1. Give me P(r) over the chain, computed from all C-alpha to C-alpha distances, binned every 20 Å, as integer percentages.
2. Could you identify which residue out of 255, 111, 336 has the top mean-square fluctuation in a GNM of the chain using Cα springs shorter than 10 Å?
3. With runs of 4+ DSSP H residues as the only contributors, calculate the mean residue ellipticity of the chain at 222 nm using -39,500 (n - 2.57) per run, divided by the residue total and rounded to the nearest 500.
4. Is the C-alpha gyration tensor of segment 1-127 telling us rounded, prolate or oblate? Criteria: a/c under 1.5 is rounded; beyond that, a/b larger than b/c is prolate, otherwise oblate.
5. Rounded to the nearest 10 degrees, what's the angle between the helix 346-356 long axis and the longest principal axis of the chain, both from Cα atoms, 0 to 90?
6. Angle, helix 234-247 long axis vs. longest principal axis of the chain, Cα atoms, 0 to 90°, nearest 10?
7. Taking segment 6-73 as the region of interest, what is the percent of Cα-Cα pairs per 5 angstrom bin, listed from the shortest bin to the one with the maximum distance?
8. Counting DSSP beta bridges with both partners in the chain, what percentage is antiparallel, nearest 5?
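No value in this document is a laboratory result; all are computed from the given coordinates. Keep in mind that what you see is a predicted model, and the values were worked out from it rather than measured.
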Ligand code: NAD
Ligand code: DAU
């Protein structure tokens, strides 16, 4: 399938969970690797971004790492001009819903103002070059709000974000699409369901549960654990983003999902059993750590994705199944204790203490 061939690519947020998978995909997968001459990474290295996430792939001579903020207009202008960037995969964001409920300032700043800055710089730099440039804005299914027990989000589902995080992502999606309509900027928006896989900060559900179970800490399930999420492997998402960049039509949105839905409680129980098996513990040891805690404010009941447009228009198909890839994911976190220490910044620890309360691990409790 003939398509767009990026040569000088900027990836924002590349030291984070999905961005680092995207960088690996671009530099290591043959189809992608053949066209990109230079890959510039821009990341502010917040509590969520860590250089270690790019270890190995950062030795590639095509990669330039720039520590900086997407809200810094001068810096963004310099990067686009000096590196002659012709394509952007924009992943930099504040991404944690619970943090947005604690305080939304950074979400509005980075997700709305930062995305605006990038869009505005490239639309000026790329004026008259729509055919030879692309801007892919990476977003979330949370912009569509919550579903009941049936149905799935399509690209035409009206936006109805619930959390400050989702509202900030919805705003940035609309800005990207408005820049297409108003200025002819070759912008594409993608909306994915929940990702899982290596290198996700242990503040999000799966890595938190895996590491807590391994360390004998409580497994905090919000409410009754009945909320349903759809789970896509991060490397399948990265492959989809590459296809959106190279085969997507400007002005379009593409939903990415696996069709693999699970209620939170069932998923946590599955993870608990996988950790026990991997650590050769008696089954049930980790399930005893499970604890129901007060529900998230405004907690969306269910997300589900209709990915038929991405399948038909981009030729995208997820390769991994949750049943196998979740066990691999558990093994990755257990085998990478050093990585876990490296990413546990003071800010990460602060959030854990404030959000869950500084209670002792079950293993540290005094028995009467
Ligand atoms: P993440 O929190 O792991 O990584 C975000 C990265 O952005 C970090 O490296 C951080 O340092 C960087 N960053 C934050 N603010 C910045 C700023 N002002 N300037 C430059 N860099 C900054 O997030 P993720 O889970 O990898 O998500 C990446 C993107 O994908 C986000 O836009 C998110 O909304 C979207 N998304 C995530 C999921 C998911 O399940 N994780 C699903 C759908 C969409
Ligand atoms: O749907 C895509 C979104 O998925 C992305 O846009 C977000 O960036 C990403 O963080 C993720 O958002 P969620 O809120 O769905 O992910 P999180 O891992 O925070 O929570 C998943 C579910 O698990 C959710 O229903 C809340 C619940 N949960 C979460 C945590 C951290 C718990 O029950 N206990 C917890 O301790």
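1. 30, 59, 11, 0
2. 336
3. The helix-only estimate for the chain comes to -11000 deg cm²/dmol at 222 nm.
4. Oblate, because a/c is 1.5 or more while a/b does not exceed b/c.
5. Approximately 50 degrees, to the nearest 10.
6. For helix 234-247, the angle is close to 10 degrees.
7. Percent of Cα pairs in each bin: 4, 19, 32, 25, 13, 6, 1.
8. 10
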